[in-house]
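Written below as structure tokens is the structure these notes are about.
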Amino acid sequence: MGQGSSMPSEHLGRVYAAQTPQELLQVYEEWAAHYEHDLVGGLGWDKPSKVGETLLPYLSEQARILDVAAGTGLMGHFLHGKGHQDLSALDFSPEMLQQARKRGVYRNFYQHDLLQPVPLERNHYDAVTAVGIFTEGHLGPEVLPTLKDLLKPGGLLAFSLRDDLEHLYEAALQDWRLETKQLFRDGLEARPWSAWVVRA
Ligand SMILES: C[S@@+](CC[C@H](N)C(=O)[O-])C[C@H]1O[C@@H](n2cnc3c(N)ncnc32)[C@H](O)[C@@H]1O
């Protein structure tokens, strides 16, 4: 997620300012029903589809995909629209997952905190998507090993990352092979960001 100069949504300001995972969870619980109205409708949030487009050329038709920090399921909606069926959603917010469930595009829903041990099968997914999560008040590079464990060897991780935060991820990304990095300068962002696809 990125930050513009104005804060049109009270919740957007609060997620950036969150000091603890519990505080962040509380804001998403309250925001879930209005998240898309505020972000997509109000601010043109389109990172899920941009990251999805960047990932598509690397995905096989039958790919088993886990969307982490799935939120209301914008990534699932995009990938399902492109013919992908084997989609699962993970998020720590029951209310965000409830919104995602309404889309009817995910097969499985997992309510887990990515900062805790994730009780899902290891070496299981062909691809993991993580959009809008590596940012202030949210998660950092410490989560990358967890995501790698969930992937099959050679599996793909697709994520969004603001370019000015990239230096914080350099060390952790040494363990991955870069497939592509697509720079975007427009949209909601006040600063450039990139859609990354890396391989475990
Ligand atoms: C900015 S939203 C992004 C949602 C979706 N990926 C999108 O692009 O619209 C961030 C999501 O991360 C989830 N989240 C934040 N911290 C988390 C954690 N520690 N474990 C699991 N989910 C988390 C929130 O509940 C929220 O749904």
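Consider V198 carefully, then state whether it is part of a helix (DSSP H, G or I), of a type in the set (A, V, I, L, M, F, W, C) and farther than 24 Å from V40 by Cβ.
Details: part of a helix (DSSP H, G or I): no; of a type in the set (A, V, I, L, M, F, W, C): yes; farther than 24 Å from V40 by Cβ: yes.
Against the criterion (part of a helix (DSSP H, G or I), of a type in the set (A, V, I, L, M, F, W, C) and farther than 24 Å from V40 by Cβ), V198 does not qualify.
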Of all residues making up the range 47-67, the number that are out of contact with any Phe, Trp or Tyr (no Cβ under 9 Å at 6 or more places or on another chain) and within 12 Å of the ligand (Cβ to nearest atom) = 0
task = Determine the pairs where a residue that is more than 15 Å from A69 (Cα to Cα), located within the range 12-32, has a partner that is among the hydrophobic types (A, V, I, L, M, F, W, C) and near the ligand (Cβ under 9 Å from one of its atoms) with Cβ atoms under 7 Å apart, the partner being 6 or more residues away or on another chain.
result = R14/V27; A18/L24; A18/V27
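Can you tell me which of F92, F109 is in contact with a helix residue (DSSP H, G or I) (Cβ under 8 Å, 6 or more places away or on another chain), touching a residue at least 24 places away in the same chain (Cβ under 8 Å) and within 13 Å of the ligand (Cβ to nearest atom)? Spell out how you get there, then give the answer.
Working: F109 fails: touching a residue at least 24 places away in the same chain (Cβ under 8 Å).
Only one candidate qualifies: F92.
Looking at this structure, is S93 crowded, with 23+ Cβ neighbours inside 10 Å, closer than 26 Å to P145 by Cβ and at pLDDT 95 or above? Steps first, please.
On the way: crowded, with 23+ Cβ neighbours inside 10 Å: yes; closer than 26 Å to P145 by Cβ: yes; at pLDDT 95 or above: yes.
When the stated conditions are applied, S93 passes them.
The values are calculated or read from the model by the stated rules, or taken from the named source; none is laboratory data. Since this is a predicted model, take the numbers as computed values, not measurements. Note that we place each Cβ from the backbone using ideal geometry, even for glycine, and neighbour counts take in every protein chain shown.
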